[in-house]
Amino acid sequence: MSDKKVIAVAGATGAQGGGLVRAILNDPQGGFTVRALTRNPDSEKAKALAARGAEVVAADVDDEESLIKAFQGAYGAFCVTFFWEHFSPEKELAHAKNMARAAKRAEVQHVIWSSLEDTRKLVPLDDDRMPTLMGKYKVPHFDAKGMADEEFTKAVPTTVLLTSFYWDNLIHFGMGPKKGPDGKLAFTLPMGDKKLPGMVAEDIGKCAYGIFKAGNKYIGKTVGISGEFLTGAEMAAALGEALGQEVVYNAVTPEMYRGFGFPGAEDLGNMFQYKRDFEKEFCGARDLKLSRELNPELMTFRAWLAANKDSMPLE
């Protein structure tokens, strides 16, 4: 055990971090052991990881000192932020800075930073094709992550990991098909006929594990991952097959989506518009072949639907 490299995982009970923790635990001969960082080691999820053999330690992204202790002695660290808990880009950036500084002070040799594009590089704030939000962002939950890239790359040996839309959002974020007044299921997305890169959240962690297993190969690089690039119509067709009933693709405009009124609707409306308007750049930054090389178990949308269709809320 003593010669195994320790990977410290922030957000170990969350979607991405949990995927990495399980990937390491499922590969006892892989040369790594996992340290699961969580604010609450007494939570059911944390206890479940401990029962499987993870070292569970208390750490809080608001507390840099707790992160330094948690990173101490670790070879690698997986760092991710949690925008949807607080809806604050400023807080997200502060958390990223805390993790980057802590990783540097703990002399971590390889950090994977789970990131997304700063959309303002292609859509400046004075570009009125989409509204500016919170005074200085186009897609707040993207832009703050993109801003944080250099916090990591300047501080520690880093792989910037560009992720994709979670298919899990169809279950947990209310984005799945809904019954309309006519009784038919409709899948709503403001993407027109453009392709949306997507994947299972668990697979993000598995891809991250593939990066760690590759040693220094991806240090200093940006790696974009995805399971598939699918249009809204293709997703609706796959949903219909899995659910055994017709699912209509409801291709609304980004303006309509921003007006839906749920928390984060404007942010997500802008996000989908960015992915629609810059399909070539957004898909081009994600490598399907490399994603499968890093994670040979990478799931397709249809395979994920087959395993999860019964969890899909269709109200």
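Quick notes
- From the coordinates of this entry, percent of Cα pairs over 23 Å apart is computed, and it appears in [x] 53; [y] 57; [z] 65 under the label [y].
- Links that overshoot a 21 Å alpha carbon limit, given the list LYS154/LYS217; LYS5/LYS213; LYS145/LYS221; LYS5/LYS91; LYS5/LYS206: LYS5/LYS91
- Lysines with Cα under 17 Å of LYS47, excluding same-chain neighbours fewer than 8 positions away: none
- For LYS184, the lysines whose Cα falls under 25 Å of its own Cα, not counting residues fewer than eight places away in the same chain, are LYS194, LYS195, LYS309.
- Accessible area per residue in Å² at 1.4 Å probe, computed on the chain: 43
- Using every pair of separate Cα atoms, the Kirkwood estimate puts the hydrodynamic radius of the stretch 56-101 at 11.1 angstrom.
- Kirkwood hydrodynamic radius of the stretch 24-92, from inverse mean 1/r over distinct Cα pairs, in Å: 13.4
- For the stretch 15-164, alpha-carbon Rg over 2.2 N^0.38 Å: 1.11
- Cα coordinate range in the stretch 217-304, projected on the principal axes (Å, largest first): 44, 32, 23
The values are calculated or read from the model by the stated rules, or taken from the named source; none is laboratory data. If you're wondering where the values come from, they're calculated on a predicted model, not measured in any experiment. To get the accessible areas, we keep the full protein, side chains included, count just its heavy atoms, and leave off ligands, DNA and RNA. Shrake-Rupley method; radii C 1.70, N 1.55, O 1.52, S 1.80 Å.
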